[in-house]
1. For the range 211-365, just the Cα set please: Rg and Dmax, both in angstrom.
2. Restricting to Cα pairs below 8 Å that are 6+ residues apart, what does the relative contact order work out to for the range 389-520? Please round to a whole percent.
3. Ranking request for peptides 269-281, 374-386: highest mean number of other beta-carbon atoms within 10 Å first, then the rest in descending order.
4. Over the Cα atoms of the range 197-237, what is the Rg over Rh ratio if Rh follows Kirkwood?
5. Let me have the 222 nm mean residue ellipticity of the chain computed from DSSP H runs of 4+ only, each contributing -39500 (n - 2.57), with the sum over all residues rounded to the nearest 500.
6. Could you sort Trp320, Trp490 by accessible area so the largest value comes first, with the probe set to 1.4 Å?
7. From largest accessible area down, sort Arg474, Arg415; use a 1.4 Å probe on the protein chains.
8. Compute, for the chain, the length of the dipole vector about the Cα centre, with Cβ point charges of +1 (Lys, Arg) and -1 (Asp, Glu) only. Units Debye, rounded to 20.
Amino acid sequence: MADIVLINPRFEPSYWGLEHALHLLGYQANLPVAALPLLAALSPSGHDFTLIDENVEDIDFERCARADIVGVTGMSVQRFRMREILEELKRRGLFTVVGGPWITVHESYFGSLADVIFIGEAEDSWPLFLEQWAQKQHAGRYEQAEKTDMTKLPIPRHDLLKMDRYALASIQFSRGCPFACEFCDIIVTFGRRPRLKTSAQVIAELDALRQTPGVDTVFIVDDNLIGNKKAIKEILLEVIAWQQAHDYPMMFFTEASLDLADDAELMALMVEANIRIVFVGIETPNEKSLQETGKTQNLRKGRGMAEKVHAIQDAGMEVWSGMILGFDNDDHDIFDRQIAFVRKARIVNSMVGMLSAIPKTPLYDRLIREGRLDPDDRSPYGTNVIPNGMDRAQLREGYLRVMRELYDPEAYFDRLDDLYLNAGLRQSNPRRRHLRDKPWRRFLLNASLLAEALFIFVRLQTKVKDPDLRRHYRRSMGRLLRRGLPVDVWQVYANKAAMHYHIHTLIGEMTGDKPLVNTF
Ligand code: B12
Ligand code: SF4
C-alpha cells in the first residue's frame, strides 16, 4: 500500500482568492480545493494520505521525500507555482503525478516533471492507476473513457484538511453545463450533459460538514447549479428539509446561468435552501459579443439582462457577475457600457476580466487559425488574446479603468446601498421565519453575526492603513446603522468592506510594469 501526499499549490492573488482580505476576516484561505479530499476518499482503503494545501500551510518537502507518490493539482493561476513545486520534487528524485484543470487543458506543460498525468475527471482513472502502480504496470497518461457517474461518489475526506483555516467549505451537487460558450473549458472537460448526485449523497455530505467545527458557509462548486432544473429542484427540496430539521446551520454560495431569472419556482427553492449569493456569467452588455461567443442564454428575451438580475435579487439572492472585455465585437465604448451595466444592475461584486483563450476551447482553436494568439505565457497585457476592435494597450488601459471605476469606494458603496438599503434585499428571510418561535436559537445566531461584524469592522479600522478608506468603511456602516436594519445586514456590510479592501489593493498592485491580474 502506498504513502501518498497530495498538494494544492499556493494561488497567485486573484479576484476570488481574497488574499488581501483574509487577515481582516481571520482566515488563511478562501476555501479548500474540492479535488484533494475527494481523491483521498476515492482511494482503496489501506493507502496512507497526507493532504497539503500550501494556501494554509508550508509544504514540508522532507515529508514529501518519504512518500511513494506525490500528487499535485492546480488551475491556470497556479501553473507557475505548480512548476516550482514539481522542480523541487524532481530535484529530490520523487515520483510525481499531476491532475486538475490546468494539466487537463495543457497536457505537455510540465514535460518530464510529471511522471504521470491525469486528464479530466479521475474518479475511475485514479483508483485504476493506484492498482496498476502497485503492480508496477502503470501508464504515463490517464484519461477516463466515460464521464464520472456522480451517483457513485463517496463523501470527500474533509477530515484530512485543516478546515478551521478556511472562510468557506465546499460541496458539489452536479457537474456539466448544457450551454456552449466559445471560451469555456468547463464544457470541454465536464461535458454538456449535467450529471447530478442523488439527494441522499448530498444530505450525507451536508451531515459530514455539519460535524466539522466552524463550518457554516459552503460554496456549492457546481459548474452551473441549474444545468438540469428539474433534477436540482428535487435536491433543493431535500436540502430545505435538512436546513429546517437542523435550524438552518448552513448558508450557501453558488454559480448559475442567467436563465435562472426565468424560473420563479427554482429561485424560491434556492432562497428557501439558504443560497445567499449566486455568481452569474453575464460577460457583457454588448449583444453582438454575446452572439459571437455563443452565450445565447443571455440574449434579450422579453426583458434585458439588468432586469433579469433584478428578478434574482427581488427573489432574495445577491448576484455577483463575471464580465469579460475584449470580444471581437467590442469597441472603445465597451468600457463605459460595462460600468453603466454593473451600476444599473446593482451588482456590488463583479469579476471583470479580459477575454483569454484557454487551450482546448473553440476560442483557442479559432484564434490560432486567425493568427491572433499570443504564445507568451506571462503576457504584459494580461491575456493571450490579440483583440480585434482595439489594440492591446488600449484593452489593458480600459480594463484597469473599469476596475478602478467599479471599485472606487464611492461607486462600490453606492451599489451596495442601492441593493440593500434602497432595493431592500434581505437574504435571510427563510431562516428568520424558521427561527421565529425559537428565541434561544435566534439569540445565538444574532450574537454570532454581531460578533463577526464587529470583529471585521474593528480589524478594518485598525489594520487598514489608508485613512480615506477607513472613513469610507465607517460611513458605510453608519448609513446602515441609521436605518436600523437587522444584524444579518451588518454582517454583509462588514464582509463587503473587507472584499472591497481586497479588490482595491489588487487594483493598486496592477500599476506600472507590474503584471495584470486576469482570470487566466
Ligand atoms: C468552484 C470553482 C471556483 C470556486 C472555488 C475555487 C477553489 N479554490 O476551489 C471559486 C469561485 C472561488 C473559484 C475561483 C477561481 N477560479 Co474557479 N472554478 C470553479 C469550478 C466551477 C469548479 C471547481 C471544483 O471544485 N470542481 C470539483 C473538483 C472535484 O473537480 P476538479 O478540481 O477538476 O478535480 C477533478 C479532476 O480534475 C481530477 N483532479 C484534480 N486534481 C487532481 C490531482 C491529481 C493528482 C489527480 C490524480 C487528479 C486530479 O480529479 C478530480 C475528480 O475528478 C471550476 C470549473 C471546473 N469544473 O473545473 C472553475 C475553474 C477551476 N476556475 C478557474 C479559475 C480561472 C478561477 C480563478 C482564477 C478566477 C479568478 N480570476 O478569480 C479563481 C481562483 C481563486 C482561488 N484562489 O481559489 C478556471 C481554471 C482554468 C483552468 N483550466 O485552469 C476553471 C476551470 C473555470 C474557468 N474556465 O473559468 N473557482
Ligand atoms: S454558461 Fe458558464 S459553464 Fe456553461 S458553457 Fe457558458 S461559460 Fe461555460
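The values are calculated or read from the model by the stated rules, or taken from the named source; none is laboratory data. From a predicted model like this one, the values you see are computed outputs, not experimental measurements. Counting neighbours? That spans all protein chains shown, and the Cβs are built from the backbone with ideal geometry, glycine included. With ligands, DNA and RNA removed, areas are computed over all heavy atoms of the protein, side chains included. Shrake-Rupley method; radii C 1.70, N 1.55, O 1.52, S 1.80 Å.
1. 16.9, 54
2. This gives 33 percent for the range 389-520.
3. The peptides rank, most packed first, as 269-281, 374-386.
4. When Rh is taken as the Kirkwood radius, the ratio is 1.00.
5. -13000 deg cm²/dmol
6. On the way: Trp320 20, Trp490 65 Å².
Highest to lowest solvent-accessible surface, that is Trp490, Trp320.
7. On the way: Arg474 110, Arg415 5 Å².
Ranked list, largest accessible area first: Arg474, Arg415.
8. 1560
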